[in-house]
Amino acid sequence: MKNRNENKNLSEWTDKNKKPKCKCFHCKSINFIKKGFRKTEHRGKIQKYYCKDCQRFFTNDEGFYRMRYSSTTITLSIDMYLANLSSRKMRNQLKRHFQTKVSNMSILDWVRKYSLKVHNFVEKLGYNLGKEYFADETMINREGHKDRFWACVDYQTRFITWVHYSIEGNINEAKKFISKSVKKGKPKFIQTDSAQFYPKAFKKLFYTNKIYHGGLKVEHKIQNVRRTHIHNYKIETVFMKIKDRVNDFRGLKSLWSAPIIMVGLTIQHNFIEEHTTTKNQPCSLAGQDLDLGDNRWLG
Ligand SMILES: [Zn+2]
C-alpha cells in the first residue's frame, strides 16, 4: 500500500484549485465499481465503492472520516473564522473552551478545504432568483497588493450569483466575471457602476449592451455615480460586510489562497448567515433551504 499523506493531498488539491479525482481511498487505484451504500449520521446514504485491485470498500467523499479533530471543532472553526475571527484568535478560543490545541494553519486549511468542497456542491444546485442583478468590484488589500474582488448579487434574495478574484480590473477580467454572473437564474438586467471596462466587456462579449443566453435577453444598466450621486447601494451592504472581514484575515497573504477564502465568505453569506434586511439566508429565499440544521457548516 502506498503511503497516504493527507497534508500533501490537501495542498495539491487547494493549490491547483480543482476537484480531486475519485480513486480508491486505500491504494489509489481507479479500477473500482459502485457497490452498495454507507449510512452516515449527517449526510444520509452515500455511495460505496469496491476496489478490484485491493478488494476493499471505500467511499468517494470521506469528508470528516479521517480528520484528527471532531467535526464540531472543524465546522465551528470555519464558521467563526469566516464570521470574522482571525485564525489566531480562533486558536486561543478553542484552547479555552475545548482544551483543544489547533494550529492557526490547520484552521486556515479547514476553511480552504471545506470552502472548496461546499463550493463544488452548491454550484451544481438550481436557484430561483429575481430579475435584478447588481454587480460591483472592490479593492482588496493583500499585503500591499491592490487586488480586485468582484461580486454579483441578486437583489430579491441577496444571493451572490458569482464572485471573481483578480489582480487588476480590466476588460478581460470584467468579461470573465459578467459571463459567469448571469449564468444562474434569469435576470432582466445587470447593473454596474460606470467603470469603463464594463460596457467594453459587454460589447466584446455580446456585440451589444445586451446578453443573450438560453433565449433570454439580459440588459446592461449603468449607474453613473458621478452624475447621479447614487451609489450601488442595494448591494453595498454585502460589500461592506466582506471588506470588513477581509481586514483581519491572514489567509489573504498569497494569491492562491485569497480567492478560496473569498469563496468561503460567499458561502458564509449565501448559506450560513441570515441577511440583516430579509431575515433569511439568501439560499432559502432562492428555494434551496437544504435543511442544514443549527450547525450549518456541518449540515
Ligand atoms: Zn484499492
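The values are calculated or read from the model by the stated rules, or taken from the named source; none is laboratory data. Treat the numbers as computed from the prediction; the structure is a model and nothing was measured. With ideal geometry, Cβ positions are generated from the backbone for all residues, glycine too; neighbour counts draw on all protein chains shown. Protein only, heavy atoms only, side chains kept; ligands, DNA and RNA dropped before computing areas. Shrake-Rupley method; radii C 1.70, N 1.55, O 1.52, S 1.80 Å.
Does K28 satisfy being part of a loop (DSSP other than H, G, I, E, B), modelled with pLDDT of 65 or more and in contact with a Ser or Thr (Cβ under 7 Å, 6 or more places away or on another chain)? No; evaluated as a whole, the condition is false for this residue. At least 2 residues being modelled with pLDDT under 85 and open to solvent by 10 Å² or more (accessible area, probe 1.4 Å) is the threshold, and among the strands (runs of 3 or more DSSP E) wholly inside segment 91-185 those reaching it are 132-142.
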